[in-house]
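S.K.: First the structure, which I've put down as structure tokens, then a few questions once you've had a look.
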Amino acid sequence: MRTTNQYLRMAGVLAALVLVASACSPADSGATTTEAAPDTTVAPEDPTTTSDAATTTSGAPADECAVENLNLANPGALTVATGEPVFPPWMGVGDENFDVPESGTGYEGALVYALADEMGFSDDQVTFVRTGFDEVIAPGPKDWDFNIQQYSITEERDEVVDFSDPYYTTSQALVTFPDSPYADATTVADLQDAQLGAAIGTTSLDFIEEVIQPTAEPNVYDENVDVEAAMNAGQIEGLVVDLPTAYFVIAVQVEGAVIAGQFESEAADPDNFGMLFEEGNPLVSCVNVALAALRDNGTLDALEEEWLAQDGEIPTITG
Amino acid sequence: MSTSPDDLRGPSLFSPRRRPRKHREEGARGAIIAAISTVVVFGLIVWWVLSSEAWPEVQQQFFNPDHFVASWPDVLGGFWLNIQMFAVAEILILIFSLILAMIRSLRGPAFFPLRLLVIGYIDLIRGIPIILLVLLLGFGVPALQLPGVPNSELFWGVAALVISYSAYTAEVYRAGIESVHESQRMSGRSLGLTQIQALRYVTVPQAIRNVIPALLNGFVSLQKDVALVFVLGVRDAVREAQIYNARTFNYTAYVAAAILFLVASVPVARFTDWYTERVRRKRQSVGTV
């Protein structure tokens, strides 16, 4: 008897849950119909700001990108997000500048100030904030204008965020110890038995899995620093990183390591780095204009020469 | 209307109790009340969440069916590794921590240095966050390149968990040992058992029974903490979900991983409740004799 009672009670609660669940689905479809709503509320905003710009500046398109007309997280300042810590050769180069993006050193650090200058900001109008990887892609409003930390542009990511045009194109490189059997690899076939590692969120991992396709599943780490720790610990036999980072790794982080080669593969798309914007941020077009200007006047090449150029030939590993 | 203490407890989904026949209609009424309040409470929560303007975006990013299907095989594969690590670690923890607790419970000045070592160990290890222990052992020890010492990240990750959890579990055992009345140990001793024998055959069996719910609690906790090993490059469920997230900027894979962890831990939690209740009832019925 008491069991009937229990079943009755259970049945009641279950029925209630089913009710709630079914109540969800209409609400769900309601939500999808309102999905357009945020867009429509955002859309009118754009014309008003642009028409604003038009009335004050008599319609010259270049003035949409005047500092006072930009869509900025903090008015009057360019708020740039980056990682914590930042690593050479991208930002903070030199002992006293380590993890100081404000030093304007390193390829990305110098690029940020060059861009800001091109867009009409003074150097002290540039502020840096630090973000973790997850904060960058989580939905919701951002308190920075763009994020720059060697984000590879991919189609899948582009659906969720916006990227600027590429500011650097790199190839992947293999770092290992000189006495490793993989130090003399010339094709990806030579790496079939290697235990490789890569940092999460890099295209290096995709490159290992899609192009090298080793028998052993590559290990995946939070940061390049951890990949290097694993290499020192002998847990992986080689690490795959972008070429400029590879130079930093062998120079500073893993003593005695060498760059076994840079990969040249038709199977892989070139790895393009882009600045990352919140989806739908109109600022991206103005940054692209400034970036194009820097490319045309040779600044980009000069920065690359200054911060990323390395002596010596790196052998090629073909796929 | 006569009310027994049971009635005052109200409807309880998970604690089956004996109920006199005459209260059957009340049970039915209870079911209706439970149903209505469940609809109201859950309905309000759901309405509140869905009323958020950002919900469609959140739904796309966290509960996307396509991404769920796409990430599922990898996350599931990673979860199998979680289960294996958990099983190995749990067995070692139960054994190792019992030994620690027994040493700590030994009496007499001769055992002082042993007790001191164990107390020092427990204090030290409980003071270090597990994640640091995992990192220090996982990357640090292999980097020493000592001959004969394994350098596998899986080995050291699980070792760190065993070392850390054993310190906590030893304290659980000790609480159990101390909950067994002194007279038990004394009668054992008076039968001619040595100190260690009395501990082994008299105190510990009763102690373990007393702390099984607390041990199971640690069990549930460990099920999730094995995920910490991913910092060493091990590709468990959380890491696989993270890889998917990093590749696509979509969080649905995390939800998939969370579901797997839930499926593994909820039964243990329910079992703990059921077991605690059973022990309580047994004790009560003995107590009235």
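The values are calculated or read from the model by the stated rules, or taken from the named source; none is laboratory data. Nothing here was measured: the structure is a model prediction, and the numbers come from that model. Here the Cβ positions follow ideal geometry from the backbone for every residue, glycine too, while neighbour counts run over all protein chains shown.
S.K.: I need the full set of residues from segment A:223-236 which are at pLDDT 85 or above and surrounded by fewer than 21 Cβ atoms within 10 Å (Cβ to Cβ), in order please.
M.R.: Passing the criteria: A:ASN232, A:GLY234.
S.K.: Restrict the check to segment A:261-271 and report whether at least one residue is more than 14 Å from chain B (Cβ to nearest Cβ), surrounded by fewer than 24 Cβ atoms within 10 Å (Cβ to Cβ), in contact (Cβ under 8 Å) with a residue 24 or more places away in the chain and assigned to a helix (DSSP H, G or I).
M.R.: No, that holds for no residue.
S.K.: Now for a different question. Do we have A:THR82 as of a type in the set (Ser, Thr, Tyr) and crowded, with 21+ Cβ neighbours inside 10 Å here?
M.R.: So A:THR82 passes the test.
S.K.: Check A:GLU96 against each of (1) on the phi < 0 side of the Ramachandran plot; (2) of a type in the set (Asp, Glu); (3) touching a Gly at 6+ places or on another chain (Cβ under 6 Å) and name the one condition it does not meet.
M.R.: Checking A:GLU96 against (1) on the phi < 0 side of the Ramachandran plot; (2) of a type in the set (Asp, Glu); (3) touching a Gly at 6+ places or on another chain (Cβ under 6 Å), the one that fails is (3).
This table checks each residue for (1) farther than 30 Å from A:ALA229 by Cα; (2) of a type in the set (Gly, Ala, Ser); (3) outside any helix (DSSP H, G or I).
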site	(1), (2), (3)
B:THR169	yes, no, no
B:SER183	yes, yes, no
B:GLY188	yes, yes, no
B:PRO213	yes, no, no
B:GLN223	no, no, no
B:VAL231	no, no, no
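S.K.: Here is a further query. Go through (1) at pLDDT 90 or above; (2) more than 25 Å from B:ASP74 (Cα to Cα); (3) out of contact with any helix residue (DSSP H, G or I) (no Cβ under 6 Å at 6 or more places or on another chain) for B:ASP273 and report which single condition fails.
M.R.: Every listed condition holds for B:ASP273 apart from (1).
S.K.: On to the next question. Exactly one condition in (1) without any contact (Cβ under 8 Å) to a residue 60 or more places away in the chain; (2) within 24 Å of the chain's Cα centre (by Cα); (3) within 27 Å of B:GLY138 (Cβ to Cβ) is not met by A:ASP242; state its number.
M.R.: A:ASP242 satisfies all of (1) without any contact (Cβ under 8 Å) to a residue 60 or more places away in the chain; (2) within 24 Å of the chain's Cα centre (by Cα); (3) within 27 Å of B:GLY138 (Cβ to Cβ) except (1).
S.K.: Kindly indicate whether A:GLU278 is modelled with pLDDT under 95 and not assigned by TED's automatic domain parsing to the domain that holds A:LEU70.
M.R.: Considered against the rule, which asks whether it is modelled with pLDDT under 95 and not assigned by TED's automatic domain parsing to the domain that holds A:LEU70, A:GLU278 comes out as no.
S.K.: Which fully enclosed strands (runs of 3 or more DSSP E) of segment A:105-189 have 2 or more residues being within 14 Å of another protein chain (Cβ to nearest Cβ)?
M.R.: Ranges flagged: A:146-152, A:161-163.
S.K.: Does segment B:50-70 hold any residues that are within 12 Å of chain A (Cβ to nearest Cβ), surrounded by 14 or more Cβ atoms within 10 Å (Cβ to Cβ) and part of a helix (DSSP H, G or I), and which are they?
M.R.: B:LEU50, B:TRP55, B:PRO56, B:GLU57, B:VAL58, B:GLN59, B:GLN60, B:GLN61, B:PHE62, B:HIS67, B:ALA70
S.K.: Right, next: Can A:ALA216 be described as crowded, with 23+ Cβ neighbours inside 10 Å, in contact with a strand residue (DSSP E or B) (Cβ under 9 Å, 6 or more places away or on another chain) and within 14 Å of another protein chain (Cβ to nearest Cβ)? Please lay out each step first, then the result.
M.R.: Working: crowded, with 23+ Cβ neighbours inside 10 Å: no; in contact with a strand residue (DSSP E or B) (Cβ under 9 Å, 6 or more places away or on another chain): yes; within 14 Å of another protein chain (Cβ to nearest Cβ): yes.
It is false that A:ALA216 is crowded, with 23+ Cβ neighbours inside 10 Å, in contact with a strand residue (DSSP E or B) (Cβ under 9 Å, 6 or more places away or on another chain) and within 14 Å of another protein chain (Cβ to nearest Cβ).
S.K.: Still on this structure, please answer the following. Name the residue that is farthest from the other protein chains (Cβ to nearest Cβ), counting only residues in segment A:190-210 that are small (Gly, Ala, Ser) and within 30 Å of A:LEU276 (Cβ to Cβ).
M.R.: The residue in question is A:SER204.
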